[in-house]
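Here is the structure we will look at, set down as structure tokens.
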Amino acid sequence: MLKQPGFRLRKEEERIMNHAEETLAACQEIIDNCTDCGLCRAECQLLERIDESLVSLATRQPTVSEAYNCSLCGLCESVCPAGLSPKYMFAALREQSVAKGEIEIEDFRYMFPDRPLNVMKLIREANGIGYGELNPDRECDTAFFAGCSMLTYDPHLVHVLFKTLQQESKTISLLTDCCGLPLYQLGLKEREARFSQGLKDKLLRLKVKKLIFACPNCYYQLQPMALEMGIAIQTIYEALEDSELVNAPLAEHQRKIVTVHDSCPDRPAGKFAGQVRKALAGKGYSLVEMEHHRDRALCCGSGGQVSHFDPELAQSLVQARLREVEASKVEILTAYCLGCVLNLSKNQNQIPVQHVLNLLLEFEQDFAGLKKRAQSLLEGPEGEKLWERVMAD
């Protein structure tokens, strides 16, 4: 027993060393291979603001603030002719910052999905949002993974999707879990691994053989686990491909001009990007592309939890995207990530924002200010009491 504290100390030192080595490797790859062409700086507001060559930045290593101001969107990877990843460098710095105690990460515990109560769960509780009638978390061959944003901010869409999926498969259950992505984004690598193991155990316990994802973040976050477990995965668009409603063409007067905002995690594969464009065109919508689209799409401003660390930069990202929307001269802006829909709807602008699924299932929703209204319950004296509950140890 007397050796235990020393053992823990050695393990902690080893953990810090491992993170330092990963950070050094990420920086060294840039130092060795970057040609300083400037393409990433031209596209990234953070790199533009740092105003320094990428080699110089990697040599000195980004500061903690710089690491957490990166949206981890991956646009830098997409434009780099050498295939380098400044994004990975910033992500590695986040993990190192947590390991070395350089950031008070517990100040952001309201986001931790593995806590009994976090801000998402609180909003659902306070607004009486529940899914008892949708067979939640039950043993079933097929499960619908809606994602915590949709579960929290758009219960109506969750219900509509579940009922539509039930028409295709009578035996289906709703999973009410988070995918664990916030833990990765915050730099909590070991905690994310433990959370993922818990989710894996749950899928085994429920004997899930197929997962259907509405959220691209969840799809790509859990894809490796599903493949390892032999669980088939589908996007919601693949699952609804034969749905009569999705395939029913719009009346002539309903056929509007739309532009698609692409989700950052979909950059490498473009799976969602291709599927939604095909479905929208089949429905009768006319598509216009923004200057930045598919793997070159701009971040909506919510990536990497950057709004929690640099709200001003996050708002600047929103504005940059909305300027491209306005330049496209379309009637509707649509996105297939609800987080993007909510963030791009924060500002009351002239062009309405809809989720792709709203357009395919033919029911519109008012997303303008929805997230702000949902979070307003944390304001005032009663809001302070709720916040104290979320932040309680």
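Using a 1.4 Å probe over the heavy atoms of the protein chains, calculate the carbon and sulfur portion of the accessible area of region 78-173 as a whole percent. Don't skip to the answer; put the middle values down first.
Numbers: 1800 of 3780 Å².
Heavy-atom surface of region 78-173 belonging to carbon and sulfur, 1.4 Å probe: 48 percent.
Give me log10 I(q)/I(0) at q = 0.16, 0.20 Å⁻¹ for region 98-217, Debye formula, one equal scatterer per alpha-carbon, no solvent.
After summing over all Cα pairs, the log10 values are -0.81, -1.16.
Using the C-alpha gyration tensor of region 162-301, what are the square roots of 5 times its eigenvalues, in whole angstrom, with the largest one first?
Numbers: eigenvalues 181, 94, 22 Å².
So the equivalent ellipsoid measures 30, 22, 10 Å along its semi-axes.
For 325, 64, give the ranking by accessible area with the largest first, probe 1.4 Å. Walk me through the numbers on the way to the answer.
Values: 325 0, 64 40 Å².
Heavy-atom accessible area, descending, gives 64, 325.
Carbon and sulfur: what percent of region 251-366's accessible surface (1.4 Å probe)?
Details: 2240 of 4680 Å².
Percent of accessible area from carbon and sulfur atoms in region 251-366: 48.
Give, in nm to one decimal, the length gained when the segment between residue 107 and residue 384 is fully stretched (0.36 nm per residue of separation minus the Cα-Cα distance). Before the final figure, lay out each step's value.
Details: separation 277, 0.36 × 277 = 99.72 nm, distance 1.57 nm.
Result for the pair: 98.2 nm of gain on full extension.
Return the distance in nm (one decimal) between the two label points of a simple spin-label model at residue 320 and residue 163, each offset 7 Å from Cα along Cα→Cβ.
Spacing of the two 7 Å Cα→Cβ label points: 4.1 nm.
Could you calculate the FRET efficiency of residue 141 with residue 117 from 1/(1 + (r/R0)^6), where r is the beta carbon distance between them and R0 is 35 Å, rounded to 0.05? Mind showing how you got there, number by number?
Details: r = 31 Å, r/R0 = 0.89.
So, using R0 = 35 Å, E works out to roughly 0.65.
Which distance in nm do the two modelled labels at residue 170 and residue 291 give, with both placed 7 Å along the Cα-to-Cβ direction?
It works out to 5.5 nm between the two label points.
Can you send over the solvent-accessible area of residue 271, 1.4 Å probe, protein chains only, in Å² to the nearest 10?
70
Work out the FRET efficiency for residue 327 and residue 250 from their Cβ-Cβ distance, taking R0 = 25 Å, and round it to the nearest 0.05. Let's see the in-between values first.
Details: r = 25 Å, r/R0 = 1.01.
Given R0 = 25 Å and the Cβ-Cβ separation, E is 0.50.
So for the chain, averaging the separation of alpha carbon pairs under 8 Å that are six or more residues apart and normalising by length, what relative contact order in percent results?
Values: 588 pairs, mean separation 58.3, N = 393.
Reported as a whole number, the value is 15 percent.
Which sequence of 59, 176 reflects their accessible areas, 1.4 Å probe, from the largest down?
Working: 59 90, 176 45 Å².
Correct descending sequence by accessible area is 59, 176.
Normalise the Cα radius of gyration of region 255-393 by 2.2 N^0.38 Å (N = residues in it) and let me know the number. Write down the numbers at each step before the final one.
Values: Rg = 16.4 Å, N = 139, 2.2 N^0.38 = 14.3 Å.
Dividing the Cα Rg of region 255-393 by 2.2 N^0.38 Å gives 1.14.
Note the full-extension length gain between residue 281 and residue 33 as 0.36 nm times their separation in residues minus their Cα-Cα distance, in nm to one decimal. Please report the intermediate quantities before stating the final value.
Numbers: separation 248, 0.36 × 248 = 89.28 nm, distance 4.13 nm.
Extra length available between residue 281 and residue 33 comes to 85.2 nm.
What are the extents of the Cα atoms of region 163-241 along their three principal axes, in Å, largest first?
40, 24, 20
Share of region 178-241's accessible area from carbon and sulfur, percent, 1.4 Å? Write out the running numbers ahead of the final one.
Numbers: 1400 of 2620 Å².
Reported share for carbon and sulfur atoms: 53 percent.
Taking 20 °C and 1.002 mPa s as the conditions, I'd like the Stokes-Einstein D for region 234-322 in µm²/s, using the Kirkwood hydrodynamic radius from alpha carbon pairs.
On the way: Rh = 14.7 Å.
In µm²/s, the coefficient is 146.
DSSP beta bridges in the chain, what fraction antiparallel, as a percent rounded to 5?
Details: 0 of 22 bridges.
So the antiparallel bridges amount to about 0 percent of the total.
Rg/Rh for the chain to two decimals, with Rh computed the Kirkwood way over all alpha-carbon pairs. List each step's numbers first, then the result.
On the way: Rg = 21.6 Å, Rh = 22.3 Å.
On the Cα set of the chain, Rg over Rh gives 0.97.
Enumerate cysteines in the chain without a disulfide-compatible partner, where compatibility requires another Cys Cβ under 4.7 angstrom.
Among the cysteines of the chain, those whose Cβ sits 4.7 Å or more from every other are 27, 34, 37, 44, 70, 80, 140.
Per residue, how large is the accessible surface of region 257-393? Use a 1.4 angstrom probe and give square angstrom.
Numbers: 5980 Å² over 137 residues.
Per residue, region 257-393 has an accessible area of 44 Å².
With Cβ to Cβ distances under 12 Å as the rule, what net charge do the other residues near residue 321 carry (K, R +1; D, E -1)?
Numbers: positive: 323, 346; negative: 262, 291, 324, 326.
So the environment of residue 321 carries a net charge of -2.
Give 100/189; 121/371; 87/209; 87/189 a once-over and call out the pairs whose C-alpha atoms are over 24 Å from each other.
On the way: 100/189 13 Å; 121/371 14 Å; 87/209 33 Å; 87/189 16 Å.
Pairs exceeding 24 Å: 87/209.
Per residue, how much space in cubic angstrom lies within the convex hull of the C-alpha atoms of region 134-173?
Hull volume normalised by residue count: 56 Å³.
First measure r as the distance between the Cβ atoms of residue 375 and residue 59, then evaluate 1/(1 + (r/R0)^6) with R0 = 51 Å and state the FRET efficiency to the nearest 0.05.
Numbers: r = 40 Å, r/R0 = 0.79.
Between residue 375 and residue 59 the formula returns 0.80.
Region 28-107: percent of C-alpha pairs farther apart than 15 Å? It would help to have the intermediate numbers written out before the result.
On the way: 1669 of 3160 pairs.
Taking all Cα-Cα pairs of region 28-107, the fraction more than 15 Å apart is 53 percent.
What size of dipole, in debye to the nearest 20, comes out for region 27-159 about its Cα centre when the only charges are +1 on Lys and Arg C-beta atoms and -1 on Asp and Glu C-beta atoms?
On the way: 11 positive and 21 negative charges, 36 e Å.
So the magnitude is around 180 debye.
The values are calculated or read from the model by the stated rules, or taken from the named source; none is laboratory data. Note that the coordinates shown come from a computational prediction; the quantities given were computed from them, not determined experimentally. All Cβ positions, glycine included, derive from the backbone under ideal geometry; neighbour counts span all protein chains shown. Protein only, heavy atoms only, side chains kept; ligands, DNA and RNA dropped before computing areas. Shrake-Rupley method; radii C 1.70, N 1.55, O 1.52, S 1.80 Å.
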